[in-house]
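Below: the structure, in structure tokens.
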């Protein structure tokens with residue numbers, strides 16, 4: 001008789017009731033949902049941070065390329081498709097839209113020698129576009145290479161700093177203007193207005 005009672009007591013202590021199982025499962029489900037929600041937020045934040053970093057890297061790349069080109073600015077006018085003479089640097093592009101177009105040195109040719117190149121930057125359909133011309137003096141069928149550099153761009157504005165040679169490298173509010181003076185151009189300010197970061201600008205020293 002005592003052995004039977006011990007057996008019953010052992011069986012009762014060895015398991016869980018249905019209510020206990022339901023409570024345990026409910027707690028596990030709630031903890032799992034909280035954990036998954038937190039993990040999802042972490043992954044979304046990481047993805048957003050990576051996307052922002054990639055976009056900032058593209059901005060930095062554009063400014064770095066322009067910096068290299070403007071350091072090697074060449075005051076060499078070019079001929080347009082119909083023979084018209086175009087300034088070495090202008091805020092009106094060949095297509096007649098606002099932007100910046102200029103001639104710069106530094107392009108390597110097949111003979112590993114430096115040559116000059118004509119480039120254009122402008123806004124089209126909320127995109128920053130760059131055109132690279134294969135030759136300086138064009139003919140009617142000359143076609144540039146078109147590159148889309150940035151999306152979500154509202155505006156591209158250019159300001160020029162022209163002062164006498166003895167004041168080169170000193171920038172103040174009075175020296176900035178909207179048109180370049182090739183004879184005394186010493187600085188150039190490029191401002192890119194984006195939908196997410198607002199106005200981002202760089203000031204470049206122009207070596208004559």
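Any read-out appearing in this document is the output of simple, stated calculations on the displayed coordinates, not a laboratory observation. Small disclaimer: the values here were computed from a predicted structure and weren't measured. Here the Cβ positions follow ideal geometry from the backbone for every residue, glycine too, while neighbour counts run over all protein chains shown.
Which order results if 28, 160 are arranged by neighbouring Cβ count within 10 Å, fewest first?
28, 160
Here the gap between residue 23 and residue 127, fully extended at 0.36 nm per residue and compared with their Cα-Cα distance, gives a gain of 31.8 nm. Take the Cβ atoms of residue 143 and residue 76, set R0 to 25 Å, and the FRET efficiency comes out at 0.75. Between residue 41 and residue 157, residue separation times 0.36 nm minus the direct Cα-Cα distance comes to 37.9 nm.
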